[in-house]
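Since every read-out is calculated from the coordinates, none of them should be taken as a lab result. This one's a predicted model, so the numbers in the text were calculated from it and none came from an experiment. Cβ sites come from the backbone with ideal geometry, for glycine too, and all protein chains shown count toward neighbours.
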Number of protein chains: 2
Amino acid sequence: MSEAARIRPATAADWPAIWPFFDEIVRAQESYAYPFDLTSESAREIWMMRPPGQTVVLEEDGAILGSATMGPNKGGPGDHIGTGSFMVDGAARGKGVGRRLGEYVVQWHREQGFHGIQFNAVVETNTAAVKLWQALGFEIVGTVPEAFRSQKHGLVGLHVMYLPLA
Amino acid sequence: MSEAARIRPATAADWPAIWPFFDEIVRAQESYAYPFDLTSESAREIWMMRPPGQTVVLEEDGAILGSATMGPNKGGPGDHIGTGSFMVDGAARGKGVGRRLGEYVVQWHREQGFHGIQFNAVVETNTAAVKLWQALGFEIVGTVPEAFRSQKHGLVGLHVMYLPLA
């Protein structure tokens with residue numbers, strides 16, 4: 001990434017740039033348990049958060065390299081715990097886009113006064129993601145066995161990961 | 001419960017009988033992390049499942065004593081794992097309504113060919129529920145610490161529980 005890379009709130013105008021890599025990542029069936037029949041419209045509903053949540057993009061020289069969502073994981077008496085989701089364009093992997101987005105999401109939750117961040121379903125064979133979250137301080141709280149059908153690995157576990165912020 | 005007690009699919013006409021105990025349970029803030037500002041309409045959207053999920057009621061002598069939801073916990077490559085939620089009318093506690101509904105939900109998932117059942121957020125101080133799920137074979141996979149603000153107990157953990165079916 002160049003120094004021009006920056007993270008900013010996503011707008012409706014960004015969706016056409018997000019959807020191609022969102023779609024590719026979901027179709028690969030290695031990291032997200034979203035429905036198979038998502039359209040651009042239904043995916044946009046899932047990804048583009050409304051307050052108190054937020055969706056951001058990482059933009060470099062006018063190109064969107066990745067996107068992340070953040071906000072409360074549950075409602076009411078569970079709304080002090082945040083969560084996030086991350087998508088990085090395949091063409092931009094290995095450049096630290098995921099890490100930059102991850103650091104942003106952690107910082108955002110900290111500033112908003114969240115008590116912790118929970119990731120509900122990290123595919124255990126998605127080792128790049130697992131290692132990144134661990135590097136940011138997340139711990140594996142537990143693993144639901146065989147809860148994800150990986151295209152490459154068959155039935156694999158889904159980690160619940162947690163980072164305390166307070 | 002009398003022998004007349006039976007479990008059947010919920011219909012739209014059942015919602016007015018479900019909503020009062022649903023609302024009471026959510027307001028008690030001891031077992032569900034639903035938004036504080038639920039209306040009858042938004043709660044009905046959450047509770048009344050569409051296929052492939054299902055919502056049932058336990059009815060005895062024309063009175064609805066409890067209700068349960070069931071269906072896939074996630075989409076796509078995660079849709080082989082089911083989940084469920086349970087509400088029992090406060091006036092009908094201790095009669096085995098929760099157990100009857102729990103057994104029904106397990107059996108339903110078995111018949112539908114699910115690989116397992118995951119409960120995402122069982123409040124650790126809701127010991128009646130934790131013990132019931134353990135009696136049905138569920139195990140605690142992990143506990144997200146301090147993820148629920150209990151009215152009685154303050155910050156308590158949320159268990160992820162799992163029952164393998166295959």
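The figures follow:
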item	result
Per-residue Cβ neighbour rank within 10 angstrom, fewest leading, B:Thr39, B:Thr69	B:Thr39, B:Thr69
Other protein chain Cβ atoms within 10 Å, averaged over every residue that makes up B:135-144	4
Qualifying GluC sites (Glu not before Pro) in the stretch B:1-82, DSSP loop, other Cβ atoms within 10 Å at most 16	B:Glu3
Long pairs among B:Lys74/B:Lys152; A:Lys95/A:Lys152; A:Lys74/B:Lys131; A:Lys131/B:Lys152, criterion Cα-Cα beyond 27 Å	B:Lys74/B:Lys152; A:Lys131/B:Lys152
Computed P(r) (all Cα pairs; the stretch A:100-157; 10 Å bins; percent)	20, 47, 26, 7
Estimated inter-spin distance, A:Glu103 and B:Arg93, nm [label 7 Å along Cα→Cβ]	4.9
Likely footprinting exposure, A:Asp14, A:Asp37, fewest C-beta neighbours within 10 Å first	A:Asp37, A:Asp14
Under-5 Å amide H pairs with A:Met49, H placed in peptide plane, nonlocal only	A:Thr55
Inter-label distance for B:Ala12 and A:Glu45, nm, one decimal - labels placed 7 Å from Cα along Cα-to-Cβ	1.9
Rounded FRET efficiency, nearest 0.05, which uses the C-beta distance separating A:Arg110 from A:Ser2 and R0 of 30 Å	0.70
Rg and Dmax of the protein assembly as shown, Cα atoms only, in Å	20.6, 72
Radius ratio Rg over Rh of chain B, counting only Cα atoms, Kirkwood formula for Rh	0.94
Share antiparallel - DSSP beta bridges, the stretch B:9-124, percent rounded to 5	90
Within chain B, helix-based [θ] at 222 nm, where runs of 4 or more DSSP H residues each add -39,500 (n - 2.57), nearest 500	-8500 deg cm²/dmol
Hz values of 3J(HN,Hα) by residue in the stretch A:59-68 - Karplus curve (6.51, -1.76, 1.60), Gly and Pro given as x	10, 9, 6, x, 9, 8, 9, x, 8, 9
